[in-house]
Each structure stands twice: as structure tokens, then as C-alpha cells.
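Undergrad: Got a structure for you, questions after.
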Amino acid sequence: MNNFVEFMKSRRKVTLILVLLNIVIFAVLEVLGDTYSAEFMVRHGAMYTPMVRDGEYWRLLSAMFLHFGFEHLAYNMFSLFFLGDILETIVGPIRFLAIYLAGGLGGNVLSYVMSIERGTYKVSAGASGAIFAVMGAFFYIVIRNRKNFGRDGMRRLGMMVVLMIMQGIVDRGVDQSAHMGGMAAGFLLGIALYHPRRSEMKQAW
């Protein structure tokens, strides 16, 4: 038990807060109703294109903190716990939070635009767009530090790729437009916000 407490204390604080916030919101909604229900989720802030188009733009943000069922939540939080801790170590808490929120918002905006373009409207929610933004920023950092990345770093990157593929398979309610939009936004935010120091990659890995 002490080892677990020490492990949690060693985690990066913003990542841990985001994970706990998502879990608390999910637990509250589970008590109130059925998180597998699209109608219930829309009532509590999930993204639905016609409502966003009618001016409820706040859904582009609130949807990032809602999940369809425990499996959806668990997979996203595992990914965030692992990847967020690394990126927050590298760029610091404020820049990490900016990448997470702005990248996730960018993913949802692209999902919204593509939904209108295709004329297909569905209820969507989840943190995966923001998590893909974290991935996108990290990919940029890897490119910047490719000479120092090493064999162990490449294995970790391979794990990230597997996580990314599984994310697209497991997720309910968040389409690939949100994933790719989040990743692209994260990559661009990485360019804007990452200012490398020699020690950063070693500390993170």
C-alpha cells in the first residue's frame, strides 16, 4: 500500500488531476443515469452537431470529460496516465495543460466540421481527442530529439503506436476525425510550445 501511495505521489500533478477529474465526473453520471445512453449523455454535455450548430459551443469542451461506459473511461485514463505523465515531465504542467485542452478542442472542432460536411450526426464524447493531441506533441518532440531517442525510446514509441491503434478500435462516440484533428493540433502546439533542454528527454524517460 505504501508503495502505491509513493508511486501516485511521484506522478505529475496535472495529469493526475485530469485523470481523477474524469473519473469523478464519470462516477457522478453513473449514479445519475446510464452513461451508455446517447440521450442521457447529450443532456449532460456530450457533443451533438445540431446542438453545437445552434450555439451550444461549450459542448466542444465539455464532451472531453464524458465517457460512454467504464471500458471507454478505463482505456482513455490508462492512456492519459501513461502518456500524459511523460509529456508533462518534458514540457511542464502549464504547457502540458494547454496542449491537452487546446488539442482536444481542436479535435472536436474538426469532428464537428466533418460531421456537417458528411451530413452524419452522432453523439460523441471522450478524452481521446485530447490524448491524441498529447501523442501529436510527443511525436514532434521525438522528431526534435531523434538522435538521442535510443533503442529504449523507440520501444516506448512502438507502445504508443499500439495504444493509438487500439484507441481507434475501442472508443465509442469519438470518430477518427477527432483523433486525427487532436493529433494534428497537438503536433502544431508542440512546435509552438516545446523549447528543449538537454536534460528533458532523460528526465522523462
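Undergrad: Can you compute the label reach from Val31? Point 7 Å from Cα along the Cβ direction, backbone N cut-off under 18 Å, restricted to the stretch 66-96.
TA: 66-67, 69-70
Undergrad: Now for a separate question. At a 10 Å Cβ-Cβ cut-off, how would you order Phe132, Phe65, fewest neighbours first? Write down the numbers at each step before the final one.
TA: Numbers: Phe132 31, Phe65 19.
Listed from fewest to most nearby Cβ atoms, that is Phe65, Phe132.
Undergrad: Quick one: Debye curve from the alpha-carbon atoms of the stretch 11-89 only, equal weights, vacuum; give me log10 I(q)/I(0) at q = 0.16, 0.19, 0.24, 0.27 Å⁻¹ to two decimals.
TA: Values returned for q = 0.16, 0.19, 0.24, 0.27 Å⁻¹ are -0.63, -0.83, -1.08, -1.20.
Undergrad: Amide H of Leu66 versus every other amide H placed in the peptide plane: which residues, excluding those fewer than 5 positions away on the same chain, fall under 5 Å?
TA: Gly126
Undergrad: Follow-up. Normalized C-alpha radius of gyration of the stretch 14-54, against 2.2 N^0.38 Å?
TA: Numbers: Rg = 12.3 Å, N = 41, 2.2 N^0.38 = 9.0 Å.
Dividing the Cα radius of gyration by 2.2 N^0.38 Å gives 1.36.
Undergrad: Across every pair of different alpha-carbon atoms, what Kirkwood hydrodynamic radius in Å does the stretch 51-97 reach?
TA: After inverting the mean inverse Cα-Cα distance, the result is 12.6 Å.
Undergrad: Ok, one more. What residues have an amide H closer than 5 Å to that of Tyr36, excluding those fewer than 5 places away on the same chain, when H is modeled at 1.01 Å from N in the peptide plane?
TA: Answer set, sorted by chain and number: Gly69.
Undergrad: Rounded, prolate or oblate for the stretch 29-130? Axes are the square roots of the Cα gyration tensor eigenvalues, ordered a ≥ b ≥ c, and the cut-off for rounded is a/c under 1.5. Display every interim value, and only then the final one.
TA: Values: a/c = 2.26, a/b = 1.36, b/c = 1.67.
Because a/c hits 1.5 or more and a/b fails to exceed b/c, the stretch 29-130 counts as oblate.
Undergrad: I need the calculated FRET efficiency for the pair Lys122 and His195, taking r as the beta carbon distance and R₀ as 35 Å, to the nearest 0.05.
TA: On the way: r = 39 Å, r/R0 = 1.12.
Calculated value: 0.35.
Undergrad: Next up: Give the long-range amide H neighbours of Lys122: residues separated by 5 or more places, or on another chain, with amide H under 5 Å away, using H modelled in the peptide plane at 1.01 Å from N.
TA: Result for Lys122 returns Thr49.
Undergrad: Each residue of the stretch 86-91 in order: what ³J(HN,Hα) in whole Hz does its phi give by Karplus 6.51 cos²θ - 1.76 cosθ + 1.60, θ = phi - 60°, with x for Gly and Pro?
TA: 5, 5, 5, 4, 6, 9
Undergrad: For the stretch 183-195, what does the Karplus curve 6.51 cos²θ - 1.76 cosθ + 1.60, with θ = phi - 60°, yield as ³J(HN,Hα) per residue in whole Hz, taken in order and with x for Gly and Pro?
TA: So the J values, rounded to whole Hz, are 5, 4, 5, x, 4, 5, 5, x, 4, 6, 10, 7, 10.
Computed from the coordinates by the stated procedures, all read-outs in this text should not be read as laboratory data. Since the model is a prediction, treat every value here as computed from it, not as a measurement. In this analysis, Cβ positions are derived from the backbone assuming ideal geometry, glycine residues included, and neighbour counts consider all displayed protein chains.
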